[in-house]
Every structure is written in C-alpha cells, then in structure tokens.
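Working notes, beginning with the structure itself.
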Amino acid sequence: MRAIQYYGPQNIKLENVMVKPPEEGEVVVKVMAALTCGTDVKTYRRGHPVLIKDIPSGFGHEFSGIVEKVGRGVEDFKPGDRVVAANSAPCGECFFCRRGEYNLCENLNLLNGAYAEYITVPARIVKKNMLILPDDLSFERAAFCEPLANVVHGVERTGIKPGDSVGIIGIGPIGLMFARLAKLKGARVIAAGRNPLKLKMAEEFAHADEIVDLTKYPNPEKIFKAFTEEEKGLDIAVECVGLPEIWERIFSCVRPGGTVHFFGGCKSGSTVTFDTTKMHYGDITMMSVFHHTPKYFRMALDYIASGEVEVEKLITDTLPLEKVEYAMQKHIEGKALKFLIKPNN
C-alpha cells in the first residue's frame, strides 16, 4: 500500500509499505477519510514524546473507513462494515483504569497510520473503541469522532450549565468544537482569536454569541469581562492555544468562584505563574483534561450523527496522500483548519 511514513521532525515520506496482516482480534480497515490534526502538525514540526515511539512510524490518527479483513476471533465486525476507530483504548486493568480514569491508562498505546490506504487496528481498540457507522453518516464526518471525543471529555468534565458565560481563547478546530458544545449546553459563548478564517468559523460553525478579534482588542481580560454580568468576569475560561503566557492571561479573565480550564497542552517543560491570592481567596477552580475515553468517543459519534455539530464545516480542502506535507505547511502558515485526506481516491 501507499502510506506516509514519519522519520522525524519535518521528515515524512510517501512510500510503498506492506499492509500488516491482522493478528488475533485485529482488523484491517481501508481508509476512506483521514483528517489532519494540530497534534500531527506539532509532531511534524518537532516530534512527539508520546505519539511517536518508533521510527519510521505511520502518521495520522483521525480516520474512518471500510473493514477489509478481520483476524481470528473478531466477532463484531466483518468485511464491508463501515467503521470509525479511536486512536487508543484503555487496558481496563491498571491503577487508573480500576478507578475509571481510562484516559490516564498506563498502557495507552496510541495508533498512528491514518495517512495510508489501509490501517491495521489493534485488538484492544477493535474491542473497545471501534464503532459501526450509521448508514447515512459520511466517512468525512465520521473521521471527526476522535478529535471531538477529546472536546466532549473537556466539556463534560468542566460542568458547563445553561446561562454560564464561557470564554474561549484559541479557536482552532478544538477551540471551535469546544465553543459549539458549550453553546449546545446553553452557555453564552465568547470566542477570541486572531486568524480571520477561524474567526469566521466562530460564527458559522460554533455560533458564538460574541466574537473577539484579538488583533483589534489585544486585552482579552478587559474584553471578556465587558461581556459578563456586572463585568465580574467569566464563569468559565477555556485556554485552547497551549502557550504558557496565554494560560497566565486567561486566569485573569475568570470571576471569583469561576473555573479556568487549561485545555491546550503546552510544550514539555513549560511552567506558569499564578496570583495565589486571587486563586485562594477568589475560590478559583483550575483544571485540565487529557485525551478521551470509550464513553466520550461514543458521545462524539452521537453528536455528529445527530447533526448538532456540523463538523464538515471545518474542512478547508480535500487532498490526496501526496499532499500531506503540503497540508502540514498550510497549517503552519495558519491557512487551514483541517484537511480531508482521501488515500483511496
């Protein structure tokens, strides 16, 4: 098959490689739709300590497709089934899994290889995190299940209620999906960013109540508070950029008794500084979540299948495998939200 192979930062190649035959419990999926992702862009630029463990590696992790072949012992899937699979599944046996904290599983092996004509899905993912698609759900929309599952996890854990004021800094695909789900929870959403393409989607996709162009209003603390009751500050402030300096600034946007959710992951080794007086005497909740669980993966599929989250609006363009590196460059230039890669066109 043709597949993108990852050799290191800014070193990916389209090569002919063997399709891994399915072992017991595994399934080979013909990839019909794969999506570019901010995590893949970061990995392309500087590597990744968790996502890529061996070189060369398959690349890409958001996909849907058609079951091509099944290994011994697979009972719930057959060739021809239309499916979507997550990029991981918890072991169910470690310290964290025994406590229901499945996203923190100590044996969470991440699946890569979506930028290819076929991908072999490990047995644990087949068993716990691969789902049959509704007949009327397109492969393109279904491929959004993995990124949306992360956002569903974040929104559910944040505890957003109807009437809450929710401010979001960073409106890439993840921030936009967070804004959309917050709206569906009944919140009043203020979305802030700099990129014209993303600001447009804050209106057309997320349906945010207020949209702040930070090139015109560089003081997010002041503008966020201006949109809240009595200008007290946000009930919930969400950081979806992943920069320490933005973590520190968004902390100042929340009201006493509010919640700050640091959803964007910063570079390894980053540190931040907070006003401990404001945190303690202001009764501020500070939180972050990582990854997803089988529960949230299923909820993501339900959101997409229902049409409540029109994920297809986030697709900038459709590209063949040959253009994956081009897609990475366009992301770096800030000229894309997500590219749809079709390996089998």
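The values are calculated or read from the model by the stated rules, or taken from the named source; none is laboratory data. Predicted model, so just to flag it, every value in this text is computed and none were measured. No Cβ is skipped: glycine too gets one built from the backbone with ideal geometry, and neighbour counts run over all protein chains shown.
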**Request:** Among what's in the stretch 44-64 and is under 16 Å from the mean Cα position of the chain (by Cα) and at pLDDT 80 or above, pick the residue that is nearest to ILE4 (Cα to Cα).
**Result:** PHE59
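For a quick check of your reading: which helices (runs of 4 or more DSSP H) sit entirely within the stretch 141-204 and have at least 3 residues that are out of contact with any Asp or Glu (no Cβ under 7 Å at 6 or more places or on another chain) and closer than 16 Å to ALA237 by Cα?
Working: elements: 145-158, 173-184, 196-204.
Of the helices (runs of 4 or more DSSP H) lying wholly inside the stretch 141-204, those with at least 3 residues that are out of contact with any Asp or Glu (no Cβ under 7 Å at 6 or more places or on another chain) and closer than 16 Å to ALA237 by Cα span 145-158, 173-184.
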**Message:** Yes or no: the stretch 111-125 includes at least one residue that is at pLDDT 95 or above, surrounded by 14 or more Cβ atoms within 10 Å (Cβ to Cβ) and in contact with a Cys (Cβ under 8 Å, 6 or more places away or on another chain).
**Reply:** yes
**Request:** Give me the pairs, please: first residue somewhere in the stretch 121-133 and on the phi < 0 side of the Ramachandran plot and assigned by TED's automatic domain parsing to the domain that holds CYS105, second residue anywhere and in a helix (DSSP H, G or I) and modelled with pLDDT of 95 or more, beta-carbon distance under 7 Å, and either six or more positions apart or on two chains.
**Result:** LYS128/PRO294; ASN129/PRO294; ASN129/PHE297; LEU131/ARG298; LEU131/LEU301; LEU133/ALA142
**Complete:** Picked from the stretch 297-328 (must be among the polar types (S, T, N, Q) and exposed (fewer than 14 other Cβ atoms within 10 Å of the Cβ)), the residue farthest from ALA114 (Cα to Cα) is SER306
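When you look at THR316, is it assigned to a strand (DSSP E or B), assigned by TED's automatic domain parsing to the domain that holds VAL166 and at pLDDT 95 or above, yes or no? First the steps, then the outcome.
Details: assigned to a strand (DSSP E or B): yes; assigned by TED's automatic domain parsing to the domain that holds VAL166: no; at pLDDT 95 or above: yes.
So THR316 does not fit the description; no.
Being small (Gly, Ala, Ser), under 25 Å from THR39 (Cα atoms) and part of a strand (DSSP E or B): is that true of ALA305 here? Outline the logic, then answer.
Numbers: small (Gly, Ala, Ser): yes; under 25 Å from THR39 (Cα atoms): yes; part of a strand (DSSP E or B): no.
The answer is no for ALA305.
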**Request:** Please indicate, with yes or no, whether at least one residue in the stretch 39-47 is under 29 Å from GLY172 (Cβ atoms), without any contact (Cβ under 8 Å) to a residue 24 or more places away in the chain, of a type in the set (S, T, N, Q) and not assigned by TED's automatic domain parsing to the domain that holds CYS240.
**Result:** yes
**Qualifying residues in the stretch 45-76 (those that are touching a Pro at 6+ places or on another chain (Cβ under 7 Å) and of a type outside the set (Gly, Ala, Ser)) - the one surrounded by the most Cβ atoms within 10 Å (Cβ to Cβ)** = GLU62
**Message:** Give me the helices (runs of 4 or more DSSP H) completely within the stretch 219-294, filtered to those with at least 1 residues that are touching a residue at least 40 places away in the same chain (Cβ under 8 Å) and either within 20 Å of the chain's Cα centre (by Cα) or loosely packed, with under 13 Cβ neighbours inside 10 Å (or both), ordered by residue number.
**Reply:** 244-251
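Test VAL241 against the stated conditions and say whether it is touching a helix residue (DSSP H, G or I) at 6+ places or on another chain (Cβ under 6 Å) and of a type in the set (A, V, I, L, M, F, W, C).
Numbers: touching a helix residue (DSSP H, G or I) at 6+ places or on another chain (Cβ under 6 Å): no; of a type in the set (A, V, I, L, M, F, W, C): yes.
No, not satisfied.
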